[in-house]
Amino acid sequence: MKVFMKISFVFAAFFAVTFSSAYAQDGKSRSNDGWFLVGYSYTFPDSKSMEGLQGPATITIGGDLWRFIGLELTLGGRWATYNTDYYNNSGDKVAQDKRLQWAFDIKPYLMLQPKLGVDMISLRPYIGIGPSFHFTGINSTLDLIGQSSGSDSSFDVGVSVKAGLRLQAIKFLFVGVGTEYLYHQAKLNNRTYDFSGWTVGAEVGFIW
């Protein structure tokens with residue numbers, strides 16, 4: 001948690017400095033755009049027990065609110081599948097535990113996204129911060145002389161910060177790369193799972 005607080009402080013400081021710079025720009029460089037993006041990222045989880053976590057695959061819609069300040073809403077999903085085999089003393093497999101862990105994420109962001117260029121082609125460095133809301137679940141099936149299954153789900157609240165660079169090309173095409181840190185913990189089957197970690201990915205869509 002201390003590491004997360006330090007990261008949040010760094011992002012908040014960067015947000016303040018960038019905001020001050022953007023606010024000082026003249027009216028000609030201001031934008032009033034909306035955008036829609038789909039993306040996919042590679043995850044680096046904080047917890048070793050969550051290695052193999054896939055995604056997030058995301059859909060993002062956003063728009064300028066005032067000057068270079070905007071709002072974004074990202075919907076995304078993350079998942080991981082694990083198979084654990086059990087053997088007897090003779091080396092024969094006697095059971096297999098199949099487990100699916102998943103999270104559906106809802107992340108509203110307060111965005112700072114200056115526009116560097118003209119309408120036909122421009123660079124948009126961005127930084128965003130906001131709360132994150134998660135529907136998290138685990139589903140497991142144990143094959144052992146028949147089958148037994150169990151599942152649990154929860155609703156959790158976390159925090160997300162992200163930064164990156166987007167490119168507006170041929171006026172309407174919008175592509176970008178970026179990184180995000182997500183703090184998310186969930187309690188499932190009386191056990192706490194740490195879904196927190198970094199992601200690095202790309203997105204593509206259109207701007208209007």
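The values are calculated or read from the model by the stated rules, or taken from the named source; none is laboratory data. What you see is a predicted model, and the numbers here were worked out from it, not measured in a lab. Each accessible area value is taken on the protein alone, full model and side chains, heavy atoms only, with ligands, DNA and RNA left out. Shrake-Rupley method; radii C 1.70, N 1.55, O 1.52, S 1.80 Å.
Laid out as a table, the results:
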| read-out | value |
| --- | --- |
| Size-normalised alpha-carbon gyration radius of the stretch 86-127, reference 2.2 N^0.38 Å | 2.82 |
| Extension gain (nm, one decimal) between LEU110 and LEU165, 0.36 nm per residue minus Cα-Cα | 18.2 nm |
| Linear extension gain, GLN54 paired with PHE133, 0.36 nm per residue minus alpha-carbon span | 26.6 nm |
| Rounded accessible area of TRP102 (nearest 10 Å², 1.4 Å probe) | 80 |
| Placed amide H near ASP33: partners under 5 Å, 5+ positions off or other chain | ASP64 |
| Rounded accessible area per residue of the stretch 97-208, 1.4 Å, Å² | 47 |
| The stretch 70-81 - phi-based ³J(HN,Hα) in whole Hz, Karplus 6.51/-1.76/1.60, Gly and Pro as x | x, 10, 9, 10, 10, 10, x, x, 10, 7, 8, 10 |
| The stretch 173-183 - phi-based ³J(HN,Hα) in whole Hz, Karplus 6.51/-1.76/1.60, Gly and Pro as x | 7, 10, 10, x, 10, x, 10, 9, 10, 10, 9 |
| Proximal aspartates and glutamates to LYS48, defined as alpha-carbon separation beneath 14 angstrom and excluding residues fewer than eight positions away on the same chain | ASP194 |
| The stretch 110-201, accessible surface, carbon-and-sulfur percent (1.4 angstrom probe) | 64 |
